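We did not get these values from a lab; they are worked out from the coordinates using the rules stated. These figures come from a predicted structure and were not determined experimentally. Neighbour counts are summed over all protein chains in view; Cβ atoms, including those assigned to glycine, are modelled from backbone coordinates with ideal geometry.
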Amino acid sequence: MQRFFLLTCLALLAGCAKPHPLDALEPGERGRVVRILDGDALVLDTGQSVRLASIEAPARPWKDREGEPFQDKSRRMLEDMALGREVQLFYAGLTRDKYDRALAQVRTTDALGPDLWLNAEMLIRGGARMRVYPDTAGGSETFPALEAEAREAKRGLWAMKVWRVSDAAALPDPFERFQLVSGQVSGMEGSESYGTSCDLSLDGGALHLDIANSAAAYCQLAEGTPVLARGYVKAGRMEVTHPLNLQTTGTP
């Protein structure tokens, strides 16, 4: 009777356990990691290169471009977790980019070390920033909180001034490429651009956010609402392409 009671309790606990975010994704290829390209890219023994979805690590040197600060430490961070280990890929939608890289969430599957969700671990350890694309966003719902905790603790790249979140009222010059910005909503205008619902201005127009249709709910934000936005910036405008790329959590 006691054994039956114990088994019943375990069954109930298992039934109440929260599903892992990867459980909702499409299982993909398996392989052994034979090379780490940088903090968000690796190569399997099958020859398949993999881009870790929903994160952005500092870029390595390329041709005439210098590597970004912390790129070597970010690469070693992923190397320590994954090199030589068996992993499985999980897909949330689009599976390949134009370079034929797999766009995936990646989890270790062997007994050589702990079971690690590599995309999430890079955020937790401060080796990368969150960057969500609409066609690979699935499974990334917990990523804003993971990044925020690492940022608050000044872990990894967040300890460096160059990676701190920029203030919309005092943007550096120049200010382009993928960026994180905090500020307050100061105005909203409708948009006639394809795929864009509205134009939110921050801090009197210091930066304009082009809010994609998928994130249209943010067009209702009241003036004075503090936001943290992330996206590609060019000519004073930032593309906010997914709801996870904008939070109203106040000063980061």
Practice task
For the stretch 24-99 and the stretch 126-194, compute the distance between their C-alpha centroids and round to whole Å.
Solution key: 21
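I need to check one value: relative contact order of the stretch 95-211, counting alpha carbon pairs closer than 8 Å and at least 6 residues apart, in percent. Working shown, then result.
Values: 137 pairs, mean separation 16.1, N = 117.
With pairs under 8 Å counted, the relative contact order is 14 percent.
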Fill in the blank from the handout: The orientation-averaged projected area of the Cα convex hull of the stretch 165-247, in nm², is 4.6
Exercise for the section: Rounded to the nearest 500, what is the 222 nm mean residue ellipticity of the chain from helices alone, with -39500 (n - 2.57) per DSSP H run of 4+ residues and division by all residues? Expected result: -5500 deg cm²/dmol
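For the cross-link pairs LYS73/LYS234; LYS63/LYS98; LYS73/LYS98, which exceed 21 Å when the distance is taken from alpha carbon to alpha carbon?
Details: LYS73/LYS234 28 Å; LYS63/LYS98 19 Å; LYS73/LYS98 27 Å.
Pairs exceeding 21 Å: LYS73/LYS234; LYS73/LYS98.
Tell me the relative contact order for the chain as a rounded percent, counting alpha carbon contacts under 8 Å between residues six or more apart.
On the way: 518 pairs, mean separation 34.4, N = 252.
Reported as a whole number, the value is 14 percent.
Quick one: putting +1 on the C-beta of Lys and Arg, -1 on the C-beta of Asp and Glu, what dipole do you get for the stretch 21-159 around its Cα centre, in Debye to the nearest 20?
Working: 21 positive and 24 negative charges, 78 e Å.
Value, rounded to 20: 380 debye.
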Completion exercise
Computed for the chain: size of charge dipole around the Cα centre, +1 on C-beta of each Lys and Arg, -1 on C-beta of each Asp and Glu, debye to nearest 20, value 760
Practice task
Express the relative contact order of the stretch 21-159 as a whole percentage, based on alpha carbon pairs under 8 Å and six or more residues apart in sequence.
Solution key: 26
Exercise for the section: Classify the stretch 72-159 as rounded, prolate or oblate, taking a ≥ b ≥ c as the square roots of the eigenvalues of its Cα gyration tensor: rounded when a/c is under 1.5, otherwise prolate if a/b is larger than b/c and oblate if not. Expected result: oblate
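Take peptides 33-39, 231-237 and line them up by average Cβ neighbours within 10 Å, highest first, as a rough protection proxy. Each step should come with its number before you reach the end.
On the way: 33-39: 19.4, 231-237: 14.9.
Ranked by mean Cβ neighbours within 10 Å, highest first: 33-39, 231-237.
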